[in-house]
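This report concerns only the one structure given below.
The values are calculated or read from the model by the stated rules, or taken from the named source; none is laboratory data. All figures in this text were calculated on a predicted structure; none of them were measured in a lab. Note: ideal-geometry Cβ built from the backbone for every residue, glycine included; neighbour counts use all protein chains shown. For accessibility, only protein heavy atoms count, side chains too; no ligands or nucleic acids. Shrake-Rupley method; radii C 1.70, N 1.55, O 1.52, S 1.80 Å.
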Amino acid sequence: MTSPDPAAHDDRPRCDWALSAPDYVAYHDDEWGRPVHGTAAWFERMSLEGFQSGLSWIVVLRKRPAFREVFAGFDPDTVARFGDDDVTRLLGDARIVRNRMKIEATISNARAVLDLLDAGDDLGAFLASYAPDPADHPRPARLSDVPGSTPASTALSMALKKRGFRFVGPTTCYALMQATGLVDDHVAYCWRAGAAPEDPRGTGPGSP
């Protein structure tokens, strides 16, 4: 990463990955590691982590407004009805990541979300059920201590694939768990360390 811009943020200590761009600073401070509520919000985070696979997160973060527009706010009911014409439309939109496999996976995953709901399972509750007990997840002392995947993310990946989800490998699932507060990987010296307001395993269908 490039050297941090001292004018881009205040002097509070942060996770090292957040220091290379103002976009990262805002995302780190306001979103990363905070609990998510609502099916569309969970589906968005899952989808964007899938699009990020093989790319820098900053690419997806900067394209997020366009992603939200073209994927109808990540409403699973709407995205599940996308067909071949929509795939062609999305492949022609330079504002997003134009990867056919990822686009088709997002549409397929929307249908898998609806299948979960039909089976009586809420997406957020399903994902949160794989969150480790915070007491069993030591806080990383430094960035090099943060794993790329864990047994919990591997188990989540396997469970999602059994439910028909795609682009949900263990590394992608771990990034999703980090981003949504299912694990707290703010390093020990970060001002956000330990700031998660609730045990994420309590996420459920009744959450606001």
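As a ratio to 2.2 N^0.38 Å, the alpha-carbon radius of gyration computed for the stretch 57-208 takes the value 1.13.
Over the stretch 50-101, average the accessible area per residue using a 1.4 Å probe and give it in Å², no decimals.
Details: 2750 Å² over 52 residues.
Here the residues of the stretch 50-101 average 53 Å² of exposed surface.
Would you work out the charge dipole size for the stretch 94-148 about its Cα centre, treating the Cβ of every Lys and Arg as +1 and the Cβ of every Asp and Glu as -1, and quote it to the nearest 20 debye?
Values: 7 positive and 8 negative charges, 122 e Å.
My answer is approximately 580 debye.
Between the beta carbons of His37 and Asp115, assuming R0 = 30 Å, the FRET efficiency works out to 0.90 to the nearest 0.05. When the chain is described by a simple charge dipole with +1 on each Lys and Arg Cβ and -1 on each Asp and Glu Cβ, the residue from Gly50, Ser20, Ala188 located farthest towards its positive end is Gly50. Suppose every K and R has +1 on its Cβ and every D and E has -1 on its Cβ; what is the size of the dipole of the chain about the Cα centre, in Debye to the nearest 20? Here the size comes out at about 540 debye.
Distances over 24 Å make up what percent of all Cα-Cα pairs in the stretch 1-109?
Numbers: 1851 of 5886 pairs.
Counting pairs separated by more than 24 Å, the tail of P(r) holds 31 percent.
Counting heavy atoms of the protein chains alone, Lys161 has an accessible area of about 110 Å² for a 1.4 Å probe.
Of the peptides 39-49, 129-139, how do they stack up when ordered by the mean number of other Cβ atoms within 10 Å, highest first? Mind dumping the intermediate values first?
Values: 39-49: 22.1, 129-139: 14.0.
Per-residue mean Cβ counts within 10 Å order the peptides as 39-49, 129-139.
State the percentage of accessible surface on the chain attributable to carbon and sulfur atoms; use a 1.4 Å probe and exclude ligands, DNA and RNA. Within the chain, the accessible surface is 52 percent carbon and sulfur. Beyond 16 Å, the tail of the calculated P(r) for the stretch 86-156 holds 67 percent of the Cα pairs. Look at the dipole of the chain built from charges on Cβ: of Val36, Met177, Asn99, the Cα furthest out on the positive end belongs to Asn99. Sorting Thr88, Thr172, Thr154 on solvent-accessible area from highest to lowest, probe radius 1.4 Å, gives Thr88, Thr154, Thr172.
Per-residue ellipticity at 222 nm for the chain, helices alone: DSSP H runs ≥ 4 residues times -39500 (n - 2.57), over residue total, nearest 500 deg cm²/dmol? Spell out each step's value before the answer.
On the way: 9 runs with 96 residues, N = 208.
Counting only the DSSP helices, I get -14000 deg cm²/dmol.
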